[in-house]
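To start, the structure itself, in structure tokens.
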């Protein structure tokens with residue numbers, strides 16, 4: 001498994017897309033830190049970029065890579081290797097390359113210009129979101145045999161999590177505003193990794209006015225150490241569950 005992962009990682013690292021993604025994040029991060037006199041404001045702006053770009057790139061890149069590696073996957077399956085090991089190796093190599101790009105593009109500038117708990121929270125959430133949406137991408141790619149359909153599903157998922165979901169949550173909250181919705185709001189936030197990461201980061205930045213109704217309702221909870229543990233645990237589940245679903249479907253799939 002380690003040999004396959006190393007091969008996948010080495011192949012992806014040489015990709016122009018990976019280099020471009022790293023350069024984009026690095027350029028944006030350095031620009032924000034140089035333009036803003038206050039590093040905390042730069043982290044605030046960088047949060048918006050991370051919450052939008054990281055899920056999108058992770059979804060689309062991982063989906064395309066899976067389809068482009070299909071012949072290699074078929075070749076590996078002719079060897080005495082289990083399907084689980086082959087798919088996990090592909091996931092590990094893809095996820096590690098995207099994490100490395102994020103670490104260089106965002107983690108390094110944050111460590112240099114704003115090495116605080118807030119900066120660490122941004123890097124941690126970005127890393128978890130990379131793992132989450134790489135898992136989601138693999139699940140969608142395994143389920144959709146056609147490449148064009150798989151890429152379309154990836155883009156639709158990004159639109160849903162990044163844009164549509166918040167509108168649906170607001171509709172529910174306004175419709176049932178006469179009822180106590182604290183527990184429901186927590187559940188709804190947990191069903192969207194981007195929304196959960198946004199609420200947690202906004203609380204770390206202490207700008208509750210920009211968090212919206214969902215984040216303001218749970219300021220005391222998400223602003224506490226327990227809130228950090230809860231956020232990390234839910235995002236970790238978002239990594240494990242889609243990947244587990246992808247493994248299960250891949251084991252049953254007719255290659």
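The numbers here are math on the coordinates, done by the rules we state, and not lab data. Only a predicted model underlies this, so the values are computations on that prediction, with no experimental measurement involved. No Cβ is skipped: glycine too gets one built from the backbone with ideal geometry, and neighbour counts run over all protein chains shown.
Each part reduced to its alpha carbon centroid, the range 109-154 and the range 61-79 end up 20 Å apart. Residues 199, 234 in ascending order of nearby Cβ atoms (within 10 Å, fewest first): 234, 199.
Ranked by how many other Cβ atoms sit within 10 Å of their own Cβ, fewest first, the residues 138, 250 fall in the order 250, 138. Shape of the range 103-191 from its Cα gyration tensor (a ≥ b ≥ c, root eigenvalues): rounded if a/c is under 1.5, otherwise prolate when a/b > b/c, or oblate? Oblate, because a/c is 1.5 or more while a/b does not exceed b/c. Distance between the pseudo-spin-label points of residue 155 and residue 24 (7 Å out from Cα toward the beta carbon): 1.4 nm.
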